[in-house]
1. Evaluate the following for VAL70: is it assigned to a strand (DSSP E or B), among the aliphatic types (A, V, I, L, M) and within 13 Å of MET89 (Cα to Cα)?
2. What number of residues within the range 75-93 are touching a helix residue (DSSP H, G or I) at 6+ places or on another chain (Cβ under 9 Å) and part of a strand (DSSP E or B)?
3. Only one of THR85, THR76 is among the polar types (S, T, N, Q), open to solvent by less than 50 Å² (accessible area, probe 1.4 Å) and modelled with pLDDT under 95. Can you tell me which?
4. Could you please give the count of residues in the range 12-36 that are open to solvent by 30 Å² or more (accessible area, probe 1.4 Å), under 15 Å from ASP83 (Cα atoms) and assigned to a strand (DSSP E or B)?
5. How many residues does the range 54-67 hold that are open to solvent by 50 Å² or more (accessible area, probe 1.4 Å) and either in contact with a helix residue (DSSP H, G or I) (Cβ under 8 Å, 6 or more places away or on another chain) or in a strand (DSSP E or B) (or both)?
6. Identify, please: which residue in the range 37-53 is charged (D, E, K, R) and either at pLDDT below 95 or not in a strand (DSSP E or B) (or both) and is, among those, most open to solvent (accessible area, probe 1.4 Å)?
Amino acid sequence: MDWKDNLLIQRDDDSVLDYVFDWSAWLNGDTIQSHTVIADAGINIDSSVGDDSTVTVWLSGGVPGTKYAVTVQVTTAAGRTDDRTVFFMGTDR
């Protein structure tokens, strides 16, 4: 996923899809040690998995016409922290 502030992705409320949050350009040789995923009420975090530079989040649910924020926070081996927020708009396709 290419990061832009206030990224808005439309997603069907019946879908169960994975979204990759990529920090590789920001890390500059550092690695992700831990992550936390936070989502607005109404959209489900089914699971998440991280590696040295990415976090993949599986999402489901939501209501058509409702906007949801999903934030991934990471801590690196060097002790840096960062977060990225993506907005999802529930749709009925």
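The values are calculated or read from the model by the stated rules, or taken from the named source; none is laboratory data. Being a predicted model, the structure only gives us computed values, none of them experimental. Glycine gets a Cβ as well: all are built from the backbone with ideal geometry, and neighbour counts include every protein chain shown. All accessible areas refer to the heavy atoms of the entire protein, side chains included, with ligands and DNA or RNA removed. Shrake-Rupley method; radii C 1.70, N 1.55, O 1.52, S 1.80 Å.
1. So VAL70 passes the test.
2. 2
3. Among THR85, THR76, only THR85 is among the polar types (S, T, N, Q), open to solvent by less than 50 Å² (accessible area, probe 1.4 Å) and modelled with pLDDT under 95.
4. Residues flagged as open to solvent by 30 Å² or more (accessible area, probe 1.4 Å), under 15 Å from ASP83 (Cα atoms) and assigned to a strand (DSSP E or B) within the range 12-36 amount to 6.
5. 2
6. That would be ASP52.
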